[in-house]
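Heads up, the thing below is written out as C-alpha cells.
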Amino acid sequence: MDRYIELLMELSDAFGPSGFEDDVRELIINRISALGYSYTVDRRGNLIAIKKGEGNYRVIVDAHMDEVGFMVKYISERGFIQLVPIGGYDDRILPGHIVKFKTDGTFVEGVFSTLPPHVLTQEERSKPLKLDKLWVDIGANSKEEILKKGISPGTPGVIHYNSRKMGNKIMGKAFDDRAGCAVLLYLMEELKDVGLPYDIVFAFATQEEVGLKGAHVIKEQYEGDIALIFEGTLATDIEGVSEKSMITRAGFGPALTLMDRSVIPSHRLLRFIEKIAERNNIPYQYKMPGVGGTDGGAYGLKNMEVAVIAVPARNIHSPTSLIDVNDFTATLTLAKEVILALPEYLNRER
C-alpha cells in the first residue's frame, strides 16, 4: 500500500483545476499504459479505459481529476492580478497563500497580497477579505511584464503546496478527488489479470467541481448497470464541532453516502457494500446526509444504480487537506472487495 500513498501524493501535487486537467490526465495515462490498458480521451477531456469481461453487465467506476482553483480575470497597469474562482474556494483562507499559475510553457508563482494589521481598522481586521478585493503579486512592476511571462486573462491557477506525511496523516491540496483517482489506479492494477463476468469502465472525469460536467458526458457515452463513485469528502471532526454535526470523521474508515445534494444512492447497493465491508472486517462510516455533491448526480440521471464511497479529508477545498492513512488504505481494500463480489449482487433475483 505504501506505493499507493506515494502515488496519491504525486497525484495531489499535479496541477489540475477544472477545465485544465491535462497534467493529471498525462500522469494517469502513463500509469495505465504501463499496465497495458488502452484508453480514449473524449472532447471534454475525460479519460476512459475499459476492461472487458464475460456477460452482459457493465459497471462504471468514476473519480474526477479536477481540483478547485482560479482563473485570471484582470491585470492592473501596476502589475497586480485579480482572479475569479473555479469551483468552491473559501475566501477566508486566501490572503498570504502562494498561487501557482500555468502558462503555455512553464509555471509562475505569486502570492495573495494582504495589508498588515498595522494599517487596518479593527473592523477591517474582523472581516474576511473577498476574492474580488484581493490581488496577486508575482513580483512584476507592470502589466506588460506579467503578459511577457505568459499570464493573461483566462490563465488558470491553484494554491499550491507539495503534499507531505504528518504522523498517520497525509497533507495535500487535492485529495478531492485525487484520492478517488488513486483508488481507480489501484483497481486497474489489481484487476488487470482477473476475469470478471461484466465489463468495467474506468472513468477519470473532468470538471466535477463546476457542475459534474465531465460525468454528464460520460453517462451519455456509456450505458451501465452500476456506477461506483470514489471521492474525497468532508471530515469535520475538529475541536469545536459537536459529534452530531460531524459530516465524517478521520480514522473511522471510508464514508458511504446516504444522500447528498446531487443524488440519493441505491439503498440496495448500499446494503450490499456494507455487507462486503463487514465480511472483510473493513471499517466504514456514513456521510451525514444532505451535504455536498458528486459525479453520482450525473449517473443517477440514467437507469443505473449508484453508490458513493469516499475518503474523509479534513480542511477539504483548501491547500492543506488531511487524510488518515488507514482511511485511504481501507478504501482501496473495500473498493477491490466490492468489485470482486459484485457478481453475486448483479446475479441476484430482482
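What follows is calculated from the coordinates using simple rules that are stated; it is not laboratory data. As the structure is a prediction and not an experimental result, all values here were calculated from the model. Methodologically, a virtual Cβ is constructed for each residue, glycine included, from the backbone with ideal geometry; neighbour enumeration extends over all protein chains shown.
Could you tell me which of Ile316, Ser76, Phe20 has its Cα farthest along the dipole of the chain towards the positive end, charges placed at Cβ (Lys, Arg +1; Asp, Glu -1), taken about the Cα centre?
Positive-most Cα among the choices belongs to Ser76.
What number, in nm² with one decimal, is the all-direction average of the projected area of the convex hull of the alpha-carbon atoms of region 69-159? Could you put the intermediate results ahead of the total?
Values: hull surface 23.2 nm².
About 5.8 nm², averaged over all directions.
What full-extension length gain, to one decimal in nm, is calculated for Glu239 and Thr106 as 0.36 nm per residue of separation minus the Cα-Cα distance?
Working: separation 133, 0.36 × 133 = 47.88 nm, distance 4.06 nm.
Using 0.36 nm per residue and subtracting the Cα-Cα distance, I get 43.8 nm.
With +1 on each Lys and Arg Cβ and -1 on each Asp and Glu Cβ, and nothing else charged, work out how big the dipole of region 89-219 is about its Cα centre, in Debye to the nearest 20. Intermediate results must be reported in sequence, preceding the final value.
Numbers: 18 positive and 18 negative charges, 66 e Å.
That gives a dipole near 320 debye.
In debye, nearest 20: dipole of region 69-159 around its Cα centre with unit charges on the Cβ of K, R (+) and D, E (-)?
Details: 12 positive and 11 negative charges, 14 e Å.
So the magnitude is around 60 debye.
With a length cut of 15 Å (Cα positions projected on each helix's long axis) and a Kyte-Doolittle mean of at least 0.0, go through the chain and give me the DSSP H helices that pass.
Working: long enough: 2-13 (17 Å, -0.23); 22-34 (18 Å, -0.04); 175-190 (22 Å, 0.39); 267-279 (18 Å, -0.49); 325-346 (31 Å, 0.78).
For the chain, where a helix must reach 15 Å along its axis and average at least 0.0, the hits are 175-190, 325-346.
List, in the order given, every pair from Lys130/Lys165; Lys130/Lys213; Lys52/Lys302; Lys165/Lys213 whose Cα-Cα distance in the structure shown is over 29 Å.
On the way: Lys130/Lys165 31 Å; Lys130/Lys213 27 Å; Lys52/Lys302 21 Å; Lys165/Lys213 32 Å.
The pairs that break the limit, which is 29 Å between Cα atoms, are Lys130/Lys165; Lys165/Lys213.
Rank Ser242, Ser76, Ser12 by mean-square fluctuation in a GNM of the chain with C-alpha springs under 10 angstrom and give only the top-ranked residue.
Sorting by GNM fluctuation, first place goes to Ser242.
Within 10 Å, count the other beta carbons around each residue, average over each peptide in 84-93, 224-233, and list them highest first. Show your work: numbers first, answer last.
Numbers: 84-93: 15.8, 224-233: 27.4.
Result, highest mean first: 224-233, 84-93.
Cross-link list Lys51/Lys169; Lys100/Lys133; Lys51/Lys275: which exceed 30 angstrom alpha carbon to alpha carbon? Walk me through the intermediate numbers first.
Values: Lys51/Lys169 33 Å; Lys100/Lys133 19 Å; Lys51/Lys275 25 Å.
Violating the 30 Å Cα-Cα cut-off are Lys51/Lys169.
Indicate, rounded to the nearest 5 percent, the antiparallel portion of the DSSP beta bridges found entirely in the chain.
Working: 37 of 62 bridges.
The answer is about 60 percent antiparallel.
Could you pull out the trypsin sites (Lys or Arg not before Pro) across region 17-91 that fall in loop regions by DSSP (anything but H, G, I, E, B) with no more than 15 other Cβ atoms inside 10 Å?
Numbers: sites: Arg25, Arg31, Arg43, Arg44, Lys51, Lys52, Arg58, Lys73, Arg78; in loops: Arg43, Arg44, Lys52, Arg78.
Those that pass, being in a loop and sparsely packed, are Arg43, Lys52, Arg78.
Treating only the Cβ of Lys, Arg, Asp and Glu as charged (+1, +1, -1, -1), what charge dipole size does the chain show about its Cα centre? Round to the nearest 20 debye.
On the way: 41 positive and 49 negative charges, 66 e Å.
It comes to approximately 320 debye.
Using the Cβ atoms and a cut-off under 15 Å, what net charge is assigned to the surroundings of Asp137, where Lys and Arg are +1 and Asp and Glu are -1? Let's see the in-between values first.
Working: positive: Arg78, Lys100, Lys133, Lys143, Lys149; negative: Glu77, Glu109, Glu145.
Neighbour charge sum, excluding Asp137 itself: +2.
Please grab the % of Cα pairs in the chain that end up more than 38 Å from each other.
Working: 11200 of 61075 pairs.
Roughly 18 percent, rounded to a whole number.
Modelling each spin label as a point 7 Å along the Cα-to-Cβ direction, I'd like the Leu147/Lys130 distance in nm, to one decimal.
Rounded to a tenth, the inter-label distance reads 2.9 nm.
Net charge around Gly87, counting only other residues with Cβ within less than 9 Å of its Cβ (Lys, Arg = +1; Asp, Glu = -1)?
Details: positive: none; negative: Asp66, Glu67, Glu208, Glu209.
Value of the local net charge: -4.
Can you classify region 286-350 as rounded, prolate or oblate using the Cα gyration tensor, where a ≥ b ≥ c are the square roots of its eigenvalues, rounded means a/c under 1.5, and otherwise it's prolate if a/b beats b/c and oblate if not? Could the numbers behind the result be given before it?
On the way: a/c = 3.07, a/b = 1.48, b/c = 2.08.
Since a/c reaches 1.5 but b/c is at least a/b, the shape of region 286-350 is classed as oblate.
Please report the projected area of region 207-350's Cα convex hull averaged over all directions, in nm². Write out the running numbers ahead of the final one.
Numbers: hull surface 36.1 nm².
Value for region 207-350: 9.0 nm².
With a sphere of radius 15 Å drawn around the Cβ of Leu191, what net charge do the other residues whose Cβ falls strictly inside it have (Lys, Arg +1; Asp, Glu -1)?
Details: positive: Arg31, Lys51, Lys52, Arg58, Lys192, Lys336; negative: Glu54, Glu189, Glu190, Asp193, Asp199, Glu337.
Neighbour charge sum, excluding Leu191 itself: 0.
Considering the chain as a Gaussian network with a 10 Å cut-off on Cα pairs, which listed residue, His97, His160, His216, attains the greatest mean-square fluctuation?
His97
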